[in-house]
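Nothing in this text is a laboratory measurement; each read-out follows from the coordinates by a stated rule. Treat the numbers as computed from the prediction; the structure is a model and nothing was measured. Methodologically, a virtual Cβ is constructed for each residue, glycine included, from the backbone with ideal geometry; neighbour enumeration extends over all protein chains shown.
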Amino acid sequence: MPLDSQRFSARTALAVVMANMIGTGVFTSLGFQLLDIQSGFVILMLWVVGGVAALCGALTYAELGAALPRSGGEYNFLGQIYHPCAGFISGWTSATIGFAAPTALAAITFGVYLSSVFEALTPTWLAVALVAALAAVHATSRRASGGAQRAFTYLKVLLIAAFCILAWALVDTPATVDFLPAAGDGALLASGAFAVGLIYVNYAYTGWNAATYFIDELEHPERSLSWVLALGTALVMTLYVLLNFTFLYVAPMDALAGELEVGYIAARFVLGESGAAVMGVALALLLISTVSAMTLAGPRVLQVIGQDFRAFRALARANAHGVPFVAVLFQSALAVTFILTASFESILVFAGFTLGLNTFFTVAGALVLRWRGTAPAAGAWRMPLYPLPPLVFLAITGWTLAYILMQRPIEGLAGLGIVASGAAFYFVSKRFAQPR
């Protein structure tokens, strides 16, 4: 196991958690949500409800990480709680879409924002170039990887805060939107439109579990994991609510509805075309840390799979610094494939459903462990208010997954197909190459 001086610090882990979340979702989701929901209060409640679910999930994962301390995230948790096949399916999901698809979405959004300012540039090739550049950085050493991640994340938080403050201070005529509850909002909160809106919100919060993917490389995980996950999620929820309040405060709903680059549009209403161009570049820079964080965390899942299954042992290959460079390059190649072949919204809903299914069964695993009486061990961190956090998460996530299957069956069934293909691949790998 690497020495502490060679591990990622808690500050780097916090940066990875926050950067994994703050990315594509919050800068693109509002346009899709406004197609069915025209209430400022309900829109903000989407982000609050999604944040509460993410926080409940983070508290649950922190307990799982204390009880089952090993890198790999859901791959490790599901494999130990249920069966190695469940872990493999989770790892298969992470390998095929879990990190590659969100990386592609963040890179695509980066390209869209930057090309909206520099029209001669092509969004697709900007996205490909970003993925390739960050793969090169994260395939070198932990020092370079962690330093780059912290720098990009600090820049991201500062730019978001600056954008909100500037928008509030400089807007001449705020949009006519009511952020207090109004007649009909109660029905909207219980509607299918709200559940579908949560698809985008839950996707935007994806990443609250990122630190569990490299527990083995984290300094003092028994002490730091719980506060890293909880604090990172709480800070991101605050930023998300502020950002969406700002978007709705400065720009009319009609101008935002159905649009992808909502941040650029909101900036245009406040700063004019030239100011919006500057903000477009700034928002594009925000997304670099998202792609960076996923390129750091995701390959650790592939590395653990390579350690456990001979058929995938190439993925476990590390360089002299202990970095799984083959897994980094493999995941980045998959992300480039998504960028070149799939549409934005279909990737988002498909990935959101599949990742939601993954976390649903992992959070349920905490209930299973407590029921068995095998976790957490004496002295290990325990989630507060048990069993409320996992039950809240399961209720919100289960509701959303059910609505995806009903209203977006193609993406939902495609997600189930990924799960089924993972199970098939597990039994094939067991047949031809036994685990070590």
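So here's what we get for this one:
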| read-out | value |
| --- | --- |
| Length-normalised contact order for region 64-127 - Cα pairs under 8 Å, 6+ apart - percent | 19 |
| Three-way shape call for region 139-226 based on the alpha-carbon gyration tensor, with the a/c threshold at 1.5 | oblate |
| Rounded D (µm²/s) - region 110-181, Kirkwood Rh over Cα pairs, Stokes-Einstein at 37 °C, 0.692 mPa s | 211 |
| Ellipsoid semi-axes in whole angstrom, largest first, where each is sqrt(5λ) of the Cα gyration tensor of the chain | 33, 25, 20 |
| Contact order relative to length of the chain, as percent, for alpha carbon pairs under 8 angstrom and 6 or more apart | 34 |
| Cα-Cα pairs of region 19-83 separated by more than 17 Å (percent) | 58 |
| Segments 216-225, 413-422 sorted - mean Cβ within 10 Å per residue, highest first | 216-225, 413-422 |
| Cα shape, region 1-142, gyration tensor, a/c 1.5 rule | oblate |
| Residue-wise HN-Hα coupling along region 225-230, computed from phi with Karplus coefficients 6.51, -1.76, 1.60 (Hz; x: Gly, Pro) | 4, 4, 6, 4, 5, 5 |
| ³J(HN,Hα), Karplus 6.51/-1.76/1.60, whole Hz, each residue of region 21-33, x for Gly, Pro | 7, 6, x, 4, x, 6, 9, 9, 5, 4, x, 6, 5 |
| Region 277-411 - percent relative contact order, Cα under 8 Å, separation 6 or more | 16 |
| Distant-in-sequence amide H partners of Phe8 (H built 1.01 Å from N, under 5 Å) | Leu218, Glu219 |
| Relative exposure of Asp185, Asp172, judged by other C-beta atoms within 10 Å (fewest first) | Asp172, Asp185 |
| Under Karplus coefficients 6.51, -1.76 and 1.60, residue-wise ³J(HN,Hα) of region 262-276 in Hz, glycine/proline x | 5, x, 5, 5, 4, 5, 5, 5, 8, 10, x, 5, 5, x, 5 |
| Charge dipole (debye, nearest 20) of the chain; +1 at Cβ of Lys and Arg, -1 at Cβ of Asp and Glu | 1740 |
| Residue exposure sequence - Cys164, Cys56 - by fewest surrounding Cβ within 10 Å | Cys164, Cys56 |
| Stokes-Einstein D for region 69-145, Kirkwood Rh over Cα pairs, 20 °C, 1.002 mPa s (µm²/s) | 147 |
| Gyration tensor verdict on region 284-436 (Cα atoms; rounded if a/c is under 1.5, prolate if a/b is larger than b/c, oblate otherwise) | rounded |
